[in-house]
Amino acid sequence: MTFPSERPRRLRRTKALRDLVRETDLSPRELVVPFFVKEGIADFEAVPTMPGVFQHTLASLEEAAKEAFSCGIRAAILFGIPESKDAVGSEASNPNGIVQRAVSRLKDAFGEELVVICDLCLDEYTEHGHCGVIKADGNIDNDATLERYREIAVSQAAAGADIVAPSGMMDGQVSAVREALDSAGYSDVAIMAYSSKFASTLYGPFRDAAECAPRFGDRSSYQLDPANAREAMRESLLDEEEGADILMVKPASFYLDIVASVKQATTLPVAAYQVSGEYASLVFAAERGCFDLPSAMLESLLCIKRAGADVILTYFAVDAARALG
Ligand code: PBG
């Protein structure tokens with residue numbers, strides 16, 4: 001029998017001891033709440049695959065943002081669902097489009113108190129549901145898509161966005177957006193790059209919420225293969241070089257190794273997106289009696305933070321902020 005002098009359990013004996021040596025804390029200030037805002041609806045609508053998440057009108061968006069703010073949330077990311085879609089996603093850069101109006105509405109209501117982030121992509125705006133412009137042969141036209149991203153970025157900045165978040169995984173998207181913002185006089189607008197965005201099945205419920213499932217094929221010609229950690233690192237470092245201000249890993253929980261390595265490799269803030277399928281899995285499992293939802297929610301977020309995330313985008317933001325008091 002051995003008697004090691006080191007006995008880690010000594011420090012777990014009482015709550016006060018455990019609190020003293022706790023390495024990771026969660027705070028509402030690092031959470032970002034995603035909101036969906038839909039054009040042409042009279043009242044907000046529930047998303048069946050994401051209990052507690054809604055497609056908002058401009059008015060209900062403002063109410064929801066006020067509720068989030070009152071719980072301590074200080075940042076929101078907006079996804080727009082336009083009334084009309086076309087091949088190039090024209091509505092995404094309409095100065096009077098649904099997201100642009102949503103940004104101005106939140107900026108009027110909150111000013112500098114709330115960080116307003118815009119997802120910058122085409123899939124909610126194109127009739128084919130892809131994140132880019134499609135060539136005659138059915139493939140994505142990377143550089144034509146960058147032209148659209150430039151226009152979208154400028155329209156979102158003009159509406160008052162603090163941060164734009166290019167999520168389409170086109171090559172060169174961060175430098176294209178940075179250059180477009182700078183030359184339009186928006187050098188203060190930051191870029192949160194979806195740098196390591198994997199072609200994940202976990203986006204399923206989001207595609208209901210944002211009405212953006214691709215009509216043909218999938219996104220594996222632009223999003224990362226879930227098998228590839230080194231490639232994720234290459235993408236992240238490229239985005240840093242191109243001028244990203246925040247690097248994001250998405251999804252979060254299946255990809256904590258990526259969160260940890262990106263954190264090691266950069267001095268930029270690292271964000272992780274706990275996506276729709278992660279949210280739905282926890283909510284529906286708890287509904288079936290598998291576990292207590294508030295505990296599972298807080299554990300999931302704590303572990304994403306422990307892996308290295310400085311910022312967490314999560315549909316649990318408001319509930320978590322409430323639970324954290
Ligand atoms: C693309 C985008 C997607 C998500 C965020 N931005 C969908 C996709 O790539 O298919 C998914 C977020 C989630 O699942 O919660 N605009």
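One residue stands out in segment 157-189 among those that are more than 16 Å from the ligand (Cβ to nearest atom), surrounded by 21 or more Cβ atoms within 10 Å (Cβ to Cβ) and of a type in the set (A, V, I, L, M, F, W, C): the one that is farthest from Glu241 (Cα to Cα), namely Ala159. The one condition from (1) outside any loop (DSSP other than H, G, I, E, B); (2) more than 15 Å from the ligand (Cβ to nearest atom); (3) open to solvent by less than 30 Å² (accessible area, probe 1.4 Å) that Ala92 does not meet is (2).
Taken together, the residues in segment 123-140 that are among the hydrophobic types (A, V, I, L, M, F, W, C) and either out of contact with any strand residue (DSSP E or B) (no Cβ under 9 Å at 6 or more places or on another chain) or more than 16 Å from the ligand (Cβ to nearest atom) (or both) amount to 1. Just to verify a result, which residue in segment 236-280, among those that are touching a residue at least 40 places away in the same chain (Cβ under 8 Å), part of a helix (DSSP H, G or I) and of a type in the set (Gly, Ala, Ser), is nearest to the ligand (Cβ to nearest atom)? Per the criteria, the residue is Ser276.
A count restricted to segment 198-217 and to residues that are touching an Asp or Glu at 6+ places or on another chain (Cβ under 8 Å) and within 25 Å of Asp137 (Cα to Cα) stands at 6. Restricting attention to segment 190-209 and to residues that are more than 20 Å from Ile258 (Cβ to Cβ) and near the ligand (Cβ under 7 Å from one of its atoms), the residue that is surrounded by the most Cβ atoms within 10 Å (Cβ to Cβ) turns out to be Pro205.
For segment 124-156, a tally of residues being surrounded by fewer than 24 Cβ atoms within 10 Å (Cβ to Cβ) and either in contact with an Asp or Glu (Cβ under 6 Å, 6 or more places away or on another chain) or part of a loop (DSSP other than H, G, I, E, B) (or both) returns 11. Scanning segment 210-235 for residues that are within 13 Å of the ligand (Cβ to nearest atom) and open to solvent by less than 50 Å² (accessible area, probe 1.4 Å), we see that the one that is farthest from Ile152 (Cα to Cα) is Leu224.
The values are calculated or read from the model by the stated rules, or taken from the named source; none is laboratory data. Since the model is a prediction, treat every value here as computed from it, not as a measurement. Cβ atoms come from the backbone with ideal geometry, glycine included; neighbour counts cover every protein chain shown. Areas reflect the complete protein model, heavy atoms only, side chains present, ligands, DNA and RNA absent. Shrake-Rupley method; radii C 1.70, N 1.55, O 1.52, S 1.80 Å.
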